[in-house]
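Every number in this text was worked out from the coordinates using simple rules, so none of it is lab data. Not measured: the values here are computed from a predicted model. All Cβ positions, even for glycine, are placed from backbone atoms using ideal geometry, and neighbour counts span all protein chains on display.
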Amino acid sequence: MLSSNGSNTPILMNKARKPDNEDVISSPGIVEKAQPGTESVVFSSTFQEAIFIFIIGLSQLFSVGGIGNASYSMEQIGASLGTTSNGQMSWFLASYSLCGGVFVLVTGRLGDHFGHKYVFLFGWIWMAIWSLVCGFANNLILFDIARGMMGVGNGALVPNSFALLARAFPPLSTKKNIAFAFLGFCAPSGYIFGGLIGAAFAEKVTWRWGFWFWAIGCLILSMATFVIIPHRIGSPIPELSLRQFDYIGSFLGVTSLILFSFAWNQASVAGWQEPYTYALLIVSLILLVGFVFSQSRVSAPVLPNSLWARPGFAPVVAAMAFGWMSFGIFLYYTTVYILTIHKAPPLEAVAQMVPLVIGGLFATTFVGLFIAKTPAQYIFGVSMFSFLIGNLIMSFVNYSDTYWAFIFPACLLVVGGPDLSFASSGIIISNTVLPEEQGVAGSFISTVVQYSISIGLGIAATLESHVNDGGRNPIRGIRGAFWLGIGLAAIGFLIVILFVRDRRFEPENDEKVPSNATESETATL
């Protein structure tokens with residue numbers, strides 16, 4: 001799980017052992033170091049406190065909802081902008097996830113320097129501006145750019161929301177646990193919330209009003225952020241200097257990831273035979289090598305190379321990447337199938353995917369009951385299997401027009417993937433990396449999640465365009481995408497089985513883990 005200690009970017013913290021006089025439970029599923037002499041923030045009223053929690057929770061609702069608000073209205077958007085190609089329409093989601101993912105590490109660091117409240121505020125305003133632009137866009141290129149810029153706002157909201165909550169309430173606070181539980185509930189519900197907004201306007205008025213409404217909501221929340229969130233919990237971290245910021249690494253990392261994802265997503269539209277497609281891929285790999293090299297040459301790297309030397313870190317990152325690529329494929333192509341093959345109107349399509357929320361509630365309960373006493377690699381493995389089974393069920397969807405036969409169980413089961421993977425990977429990594437690396441590791445996991453959605457959609461759209469007989473057999477193309485999702489989830493599952501272990505349950509750690517550890521609260525994204 002991602003959170004923050006109030007003095008760094010979002011961090012992963014150990015929940016494996018009972019807290020002693022130095023370590024305390026700070027939120028569901030989280031342990032953080034208690035800072036001697038710290039005091040809780042005194043809100044002016046209970047109302048201000050409640051609104052503060054509400055605003056932070058809505059940031060997750062809007063972050064994930066940014067994907068949903070274009071998913072269910074993609075047909076109307078595509079028709080208005082002159083395209084029916086799934087390859088081109090996948091950019092409506094991929095550009096948002098791409099920019100959101102690559103900017104998480106950077107904006108988390110900027111929150112330390114400029115204050116988490118103010119980078120959080122920037123996220124709202126930036127998302128509002130570019131949501132407005134999306135609504136006025138009259139061509140595909142402008143719309144895709146605006147969607148990517150919306151993702152930058154998402155990247156600013158995610159890490160700083162966790163930092164603000166972690167700094168707002170004292171350790172062992174019931175209010176903090178409630179706040180993180182609300183945050184965890186808002187995130188998986190965001191896809192349906194965003195979809196409801198986008199679908200309602202697309203079906204009843206115009207898809208453009210979906211984005212204009214989104215802009216209005218973000219502006220209202222930006223004003224509420226400025227008024228409600230106390231400066232004290234959102235202030236810059238003392239003793240930090242912008243001279244310490246890794247400008248070169250940030251530039252190389254962000255640019256390489258953007259170009260790499262762009263090449264894969266554009267290949268589904270232009271094809272790999274276009275020179276600029278593979279040229280951008282080559283340039284991205286060169287920049288990535290430069291990024292890795294730079295991280296060993298600066299004092300405060302964005303992503304220290306030492307992380308990759310920690311036992312188990314690389315397998316967890318790889319499994320998360322494959323799993324979330326699979327999940328992005330599931331979300332997009334399930335929505336596409338409902339809209340284009342079943343010809344369901346947008347609002348009905350949203351209703352058909354409501355089991356995502358129901359399944360998420362069950363998955364969160366499961367984690368809360370078993371994470372403290374069960375090796376996390378088992379739960380992690382179940383999450384990868386959930387990704388796999390969801391895509392597998394949907395790959396047979398054309399054999400029945402009955403909603404309950406395939407779409408309902410697929411949506412109900414697949415959502416165990418995101419909820420369980422966040423909690424279990426957080427536990428494993430928190431026991432793997434050093435304390436001073438927790439913040440960077442947590443932010444990087446969030447980057448992997450959002451970026452993988454973009455990459456997965458690009459690869460799936462490329463595959464679909466090669467197997468759908470030039471658009472004459474859309475079901476075959478969609479099934480090909482689902483089978484890719486199955487393969488990606490299967491790779492993630494094998495990685496977990498072969499390489500991922502929960503160090504809490506290793507024999508040499510038995511004396512460090514009390515047998516009566518009962519803390520099992522877990523918050524998930």
With +1 on the Cβ of every Lys and Arg and -1 on the Cβ of every Asp and Glu, and nothing else charged, how large is the dipole of the chain about its Cα centre, in debye rounded to the nearest 20?
320 debye
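For S400 and A50, what is the calculated FRET efficiency with R₀ set at 60 Å and r taken between the beta-carbons, to the nearest 0.05?
After rounding to 0.05, the efficiency reads 0.85.
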With point charges of +1 on the Cβ of Lys and Arg and -1 on the Cβ of Asp and Glu, referenced to the Cα centre of the chain, which listed residue (A460, L219, S386) lies farthest in the positive direction of the dipole?
L219
Counting helices only, and only those DSSP H runs with n ≥ 4, report the 222 nm mean residue ellipticity of the chain as the sum of -39,500 (n - 2.57) divided by its residues, in deg cm²/dmol to the nearest 500.
-23000 deg cm²/dmol
So I have (1) 21.7, 68; (2) 27.2, 94; (3) 23.4, 81, and one of them is Rg and Dmax of the Cα atoms in Å calculated from this model. Which one is it?
(1)
Among G492, V316, L259, whose Cα projects farthest towards the positive end of the dipole of the chain, with charges put on the beta-carbon of Lys, Arg (+1) and Asp, Glu (-1)?
L259
Taking each full run of DSSP H in the chain as one helix, which ones are at least 27 Å long along their axis (Cα atoms) and have mean Kyte-Doolittle hydropathy of at least -0.5?
46-71, 116-136, 140-168, 174-204, 207-228, 247-270, 275-294, 313-336, 376-394, 438-467, 474-499
